[in-house]
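These notes concern the structure reproduced below.
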Amino acid sequence: MAREFKVKRTIDEINERIEKGEVVVLTAEEFSSLVKEVGPVKAAKEVDVVTTGTFSPMCSSGVFLNFGHSVPTIKAYKVWLNGVPAYGGIAAVDIYLGATELREDDPLNKVFPGQFLYGGGHVIHDLVAGKKIHLKALGYGTHCYPRKSLEKEITIHDLKDAILCNPRNAYQNYNVAINLSDKILYTYMGVLKPNIGNANYATAGCLSPLLKDPYLKTIGIGTRIFLGGAQGYVVWAGTQFKTDVKRTEKGAPLQPGATLMVMGNLKEMSPEWLVGVSITGYGASLAVGIGIPIPILNEQVAEWAGLSDEELFAPIVDFSYDYPNGIHRNYGIVSYAELKSGKINILGKEVPTHPVSSLYKARKIAEILKDWIKTGKMRLTEPVAGLNGVELFPFR
């Protein structure tokens with residue numbers, strides 16, 4: 001039997017309130033405090049939308065670029081942007097540049113093998129910042145595309161199309177990384193000191209988008225979001241997507257779970273919210289800013305969106321042996337409140353914690369998204385379908 005909700009709200013009703021300037025919007029932190037004070041039913045009656053935010057390295061990111069036809073024309077099969085290889089096996093002048101692709105002649109790699117200063121994420125950041133990029137392309141020559149080489153300086157304004165398309169972003173929860181070995185480790189989760197010298201974690205806790213809707217009942221294909229400083233969309237389930245994870249009684253995932261594929265117009269985005277990063281001993285990546293509005297359709301959504309850092313947990317994983325070998329030993333779970341306190345207890349030892357994502361920027365994204373909605377710059381959208389067959393709550 002379907003649950004009968006005391007509060008029922010539709011996307012159309014929320015958008016009408018946005019148009020009239022009457023919409024009530026709180027950030028996820030503000031809403032968690034409200035739910036703790038008055039409960040989910042009353043909070044659902046008072047608030048229309050909850051905004052979230054995250055800003056963190058998201059390696060599974062990249063851009064589709066079309067650099068326009070030359071005279072004579074070229075079918076580019078090998079392409080470099082500032083020395084970083086891009087994939088040319090799409091069409092004549094369509095390419096895809098991945099955030100973790102590395103510059104082949106990186107000067108740091110010559111001095112310290114395996115270390116890189118510059119990669120795809122940095123090219124994307126430089127493009128968004130309006131900087132000149134050196135394009136080099138090779139063609140094999142055909143009757144319709146006779147040119148065999150092309151080199152020129154370009155900016156984002158010279159590109160016919162520039163589309164951010166990230167296959168796996170906004171991970172729903174993630175591991176707390178530790179190192180049980182006696183040697184220092186260099187990982188995508190940062191530097192891990194030996195003998196559990198530190199513990200690194202990756203999400204913004206109660207601000208993190210998919211922790212606010214743990215069953216993805218309001219987020220689906222077509223959901224409009226904050227992406228890289230502009231408005232973008234959820235276009236599919238992200239790679240490695242899963243919902244069959246261990247959960248708390250309130251539904252919060254205790255393991256890495258769902259992910260999103262997101263897309264938007266790179267030409268509208270900001271270098272503040274797409275930042276190339278170099279991770280020691282790992283390589284290049286792209287820090288991406290994402291914020292998702294959660295429509296408070298009923299008190300169940302309010303209960304989920306109101307989960308606090310004390311009610312959200314992450315698993316502790318050893319990156320020295322267990323993670324690279326696919327072993328799933330349990331070293332405990334820890335709340336985001338504990339992680340944000342700066343220290344946790346692991347195997348009887350007090351261990352300092354460090355976030356690899358930015359709580360400051362996550363808060364800023366949630367505030368920007370709140371302002372967009374309150375001032376009518378952004379309306380909510382009804383997803384056309386749930387992610388990987390997830391049944392959405394009714395929007396009408």
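The values are calculated or read from the model by the stated rules, or taken from the named source; none is laboratory data. Model, not experiment: these values are computed from the prediction. Positions of Cβ are generated from backbone atoms using ideal geometry, with glycine treated the same way; all protein chains shown enter the neighbour counts.
Does Lys217 qualify as being touching an Asp or Glu at 6+ places or on another chain (Cβ under 8 Å), in contact (Cβ under 8 Å) with a residue 12 or more places away in the chain and part of a loop (DSSP other than H, G, I, E, B)?
Details: touching an Asp or Glu at 6+ places or on another chain (Cβ under 8 Å): yes; in contact (Cβ under 8 Å) with a residue 12 or more places away in the chain: yes; part of a loop (DSSP other than H, G, I, E, B): yes.
The answer is yes for Lys217.
Can you find, within the stretch 28-64, the residue that is farthest from the chain's Cα centre (by Cα) among those that are hydroxyl-bearing (Ser, Thr, Tyr) and either farther than 30 Å from Leu127 by Cβ or at pLDDT below 95 (or both)? Spell out how you get there, then give the answer.
Restricting attention to the stretch 28-64, the residues satisfying the condition of being hydroxyl-bearing (Ser, Thr, Tyr) are 32-33, 51-52, 54, 56, 60-61.
Next cut, either farther than 30 Å from Leu127 by Cβ or at pLDDT below 95 (or both) only: 32-33.
On the way: Ser32: 22, Ser33: 25 Å.
It comes out as Ser33.
Would you please list the contacts, defined by Cβ atoms under 8 Å and residues six or more apart or on different chains, that run from a residue in the stretch 223-247 that is free of Cβ contacts under 8 Å to residues at least 12 places away in the same chain to a residue that is surrounded by 17 or more Cβ atoms within 10 Å (Cβ to Cβ) and in a loop (DSSP other than H, G, I, E, B)?
Between residues of the stretch 223-247 that are free of Cβ contacts under 8 Å to residues at least 12 places away in the same chain and residues that are surrounded by 17 or more Cβ atoms within 10 Å (Cβ to Cβ) and in a loop (DSSP other than H, G, I, E, B), the close pairs are Lys246/Gln255.
Cβ contacts < 8 Å: first residue surrounded by fewer than 18 Cβ atoms within 10 Å (Cβ to Cβ), restricted to the stretch 116-138; second residue modelled with pLDDT under 95 and in a strand (DSSP E or B), any location; separation 6+ or different chain. Result?
Leu117/Ser278
Output the residues belonging to the stretch 360-394 that are in the same structural domain as Ile221 (by TED's automatic domain parsing), surrounded by fewer than 17 Cβ atoms within 10 Å (Cβ to Cβ), part of a helix (DSSP H, G or I) and not charged (D, E, K, R).
Tyr360
Test Lys364 against the stated conditions and say whether it is at pLDDT 95 or above and in contact with an Asp or Glu (Cβ under 8 Å, 6 or more places away or on another chain).
On the way: at pLDDT 95 or above: yes; in contact with an Asp or Glu (Cβ under 8 Å, 6 or more places away or on another chain): no.
So Lys364 fails the test.
What's the number of the condition Ile346 fails, among (1) buried (at least 20 other Cβ atoms within 10 Å of the Cβ); (2) more than 22 Å from Asp244 (Cα to Cα)?
(1)
Tally time: how many residues in the stretch 261-284 are part of a strand (DSSP E or B) and touching a Phe, Trp or Tyr at 6+ places or on another chain (Cβ under 9 Å)? Reasoning before the result, please.
Residues of the stretch 261-284 part of a strand (DSSP E or B): 261-265, 274-279, 283-284.
Right, trim to touching a Phe, Trp or Tyr at 6+ places or on another chain (Cβ under 9 Å) and you get 261-264, 275-276, 278-279, 283-284.
Residues in the stretch 261-284 being part of a strand (DSSP E or B) and touching a Phe, Trp or Tyr at 6+ places or on another chain (Cβ under 9 Å): 10 in total.
Quick check on this structure: which one of Ala258, Ala302 is touching a strand residue (DSSP E or B) at 6+ places or on another chain (Cβ under 9 Å), in a loop (DSSP other than H, G, I, E, B) and aliphatic (A, V, I, L, M)?
Details: Ala302 fails: in a loop (DSSP other than H, G, I, E, B).
Of the residues listed, the single one that is touching a strand residue (DSSP E or B) at 6+ places or on another chain (Cβ under 9 Å), in a loop (DSSP other than H, G, I, E, B) and aliphatic (A, V, I, L, M) is Ala258.
If Ala28 passes every condition in (1) touching an Asp or Glu at 6+ places or on another chain (Cβ under 7 Å); (2) buried (at least 19 other Cβ atoms within 10 Å of the Cβ) but one, which one does it miss?
(1)
Taking Ser70, is it closer than 26 Å to Trp273 by Cα and part of a loop (DSSP other than H, G, I, E, B)?
Values: closer than 26 Å to Trp273 by Cα: no; part of a loop (DSSP other than H, G, I, E, B): yes.
Criteria not met by Ser70.
Quick one: is Asp322 farther than 30 Å from Phe67 by Cα and within 21 Å of the chain's Cα centre (by Cα)?
Here the answer is no, as Asp322 does not meet what is asked.
Hey, Val245 hits all of (1) of a type in the set (A, V, I, L, M); (2) modelled with pLDDT of 95 or more; (3) in a strand (DSSP E or B) but one; which does it fall short on?
Here Val245 clears every test but (3).
Results for (1) part of a strand (DSSP E or B); (2) over 30 Å from Thr187 (Cβ atoms); (3) within 24 Å of the chain's Cα centre (by Cα); (4) modelled with pLDDT of 95 or more, shown as yes or no for each residue.
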| site | (1), (2), (3), (4) |
| --- | --- |
| Ala92 | no, yes, no, yes |
| Pro113 | no, no, no, no |
| Glu153 | yes, yes, no, yes |
| Arg168 | yes, no, yes, yes |
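Considering the stretch 277-293 alone, what residues qualify as being buried (at least 24 other Cβ atoms within 10 Å of the Cβ) and modelled with pLDDT of 95 or more?
Scanning the stretch 277-293 gives Ser285, Leu286, Val288, Gly289, Ile290, Gly291, Ile292, Pro293.
Can you run down the residue pairs with Cβ atoms below 6 Å, 6 or more apart or on separate chains, where the first is in the stretch 299-317 and free of Cβ contacts under 8 Å to residues at least 60 places away in the same chain and the partner is assigned to a helix (DSSP H, G or I)?
Close Cβ pairs satisfying both conditions: Glu310/Ala337.
Keeping to the stretch 10-59, report how many residues are touching a residue at least 60 places away in the same chain (Cβ under 8 Å) and among the charged types (D, E, K, R).
5
Please go through the stretch 209-241 and pick out each residue that is closer than 12 Å to Tyr171 by Cα and of a type in the set (A, V, I, L, M).
If the condition is that a residue be closer than 12 Å to Tyr171 by Cα and of a type in the set (A, V, I, L, M), then Leu210, Leu211, Ala237 are the ones that fit.
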